[in-house]
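Peer 1: Just dropping this structure here.
None of the figures in this text is laboratory data; all of them are computed from the coordinates on show. From a predicted model like this one, the values you see are computed outputs, not experimental measurements. Here the Cβ positions follow ideal geometry from the backbone for every residue, glycine too, while neighbour counts run over all protein chains shown.
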Amino acid sequence: MTALSAEIGKEYTVMEVEMEGATKRRLAAIGLIKGTKVKVFTRKVGGAIVLKVRGSRYAFGKEIAQHIMLTEG
């Protein structure tokens, strides 16, 4: 599933970030890589989502969130 379809309050594990280039490198720099545990905090009206990644909260727009693949657990 993508981060867009994740439920608020649940924990997930990152399976893959299906992006290339600078955006993927930036996501890796903040710790969003395969195997990382994330928790969904909120979902905004325009499709943005707020994830807790390694103790910090980050907001991702719809364009990025649809490329973050998650699995429960």
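Peer 1: Pairs only if they're at least six apart or on different chains, beta carbon under 9 angstrom, first in the stretch 43-66 and without any contact (Cβ under 8 Å) to a residue 12 or more places away in the chain, second surrounded by 17 or more Cβ atoms within 10 Å (Cβ to Cβ) and of a type in the set (A, V, I, L, M); list them, first residue then second.
Peer 2: Val50/Val40
Peer 1: How do the pairs read when you match residues in the stretch 3-23 that are touching a residue at least 12 places away in the same chain (Cβ under 8 Å) with residues anywhere that are surrounded by fewer than 10 Cβ atoms within 10 Å (Cβ to Cβ) and not in a strand (DSSP E or B), using Cβ under 9 Å and keeping only pairs 6 or more apart or on different chains?
Peer 2: Glu11/Gly73; Tyr12/Gly73; Thr13/Gly35; Thr13/Gly73; Val14/Gly35; Met15/Gly35
Peer 1: Related question: Is it the case that Ala59 is on the phi < 0 side of the Ramachandran plot, surrounded by 14 or more Cβ atoms within 10 Å (Cβ to Cβ) and in contact with a Lys or Arg (Cβ under 9 Å, 6 or more places away or on another chain)?
Peer 2: No; evaluated as a whole, the condition is false for this residue.
Peer 1: Which of the residues spanning the stretch 29-72 are among the β-branched types (Val, Ile, Thr) and in a helix (DSSP H, G or I)?
Peer 2: Ile64
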